[in-house]
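The values are calculated or read from the model by the stated rules, or taken from the named source; none is laboratory data. Just so you know, these numbers come straight off a predicted model, no measurement behind them. Cβ coordinates were reconstructed from backbone atoms using ideal geometry, including for glycine residues, and neighbour counts include every protein chain displayed. Please note that ligands, DNA and RNA were not included when accessible areas were found on the heavy atoms of the full protein model with its side chains. Shrake-Rupley method; radii C 1.70, N 1.55, O 1.52, S 1.80 Å.
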Amino acid sequence: AIIIRGGGATTDLSCFDSYNLALNCAQFPLPVIAGIGHQRDVSILDMVAHTSVKTPTAAGEFLISAMTEAEEQVNDLSADLTNFVSGTLQSEERKLDLIRLRIRQASKTGFLNENNRIAHFLFKAKNLTRYRIHQENNKIHLIQTKIESHSPEFLAERGYTITTLNGKRVTSTEQVRPGDKVTTHLSYGKFDSEVII
C-alpha cells in the first residue's frame, strides 16, 4: 500500500499525524510506503510506515527497484527450479534404467530359483509321501497283528476253546443247566458234551 501527496504547505501535513491513520497503517496486513512530499518534517505516518521516502517520485522509484529485485529473485528461483527438475529427472531416469536392468536380471535369477524351489519341494513331497506310506503300512501291520492275536483261530491254536449252546457262545456257568448239550470248538475239530452240574 502507498500513501503519497503531490505537494503543498507544511501546514497540510497535520492530517498525517492522525492517530486513526497511524493505527490503521500499523495494523494494515500489507507493508505501507509513505511518500508525502516533504524534506524536513517527520510525521507520525513516517514513523509507523514500513518504508518512508521523501517524495512520491522516490516512492515510485522504491517500488520499481523492489519489483525489479523481486523479478530477479523469481527468475533466479525459476532457473534453480528448472535446473533442479532437470537434474532430478535425469537422476530418476538413471534409477529407472538401473531398476529395469535389475528386474531383467532378477527375472532370470528368479526363474532359476523358482525352478530349484519347485524341484526341492517335489523332492520333499516324494520323501514325505514315502514316509507316510511306510508309517501307514506299519499301522496296518500292527492292527492286523492285534486282530490276528485276538481271533478265535489264534486263540484256539494256543489251547483255548470256544463252547456254544444252541449256536451261542457260553461265557458263564449261569448260561447252562444240567442236561444241556454244548459243543466245544477246538483248533482242529469240535465235540459235543452234556452238562452234568
Positive-end residue of Thr55, Val176, Gln90, charge dipole of the chain with Cβ unit charges: Val176
Stretch gain in nm, segment Ser187-Asp80, where the contour uses 0.36 nm per residue and the Cα spacing is subtracted: 27.6 nm
Where labels lie 7 Å past Cα in the beta-carbon direction, separation of Ile44 and Asn138 in nm: 10.7
Three-way shape label, the chain, alpha-carbon gyration tensor, a/c 1.5: oblate
Estimated inter-spin distance, Phe111 and Gln73, nm [label 7 Å along Cα→Cβ]: 5.9
Electrostatic dipole magnitude of the stretch 18-148 [Cβ: Lys, Arg +1; Asp, Glu -1; Cα centre; debye, to 20]: 2100
Helix 56-149 axis, angle to the chain major axis (alpha carbon atoms, nearest 10°): 0
Spacing of the two label points (7 Å from each Cα toward its C-beta) at Leu30 and Cys15, in nm: 2.1
Positive dipole terminus of the chain, leading residue within Tyr19, Tyr131, Leu45 (C-beta point charges): Tyr131
Rounded accessible area per residue of the chain, 1.4 Å, Å²: 80
Carbon + sulfur, % of accessible area of the stretch 1-149 - ligands and nucleic acids excluded, 1.4 Å: 62
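Set the Förster radius R0 to 30 Å, insert the Cβ-Cβ distance between Gln175 and Ser149 as r into 1/(1 + (r/R0)^6), and round the FRET efficiency to 0.05.
0.70
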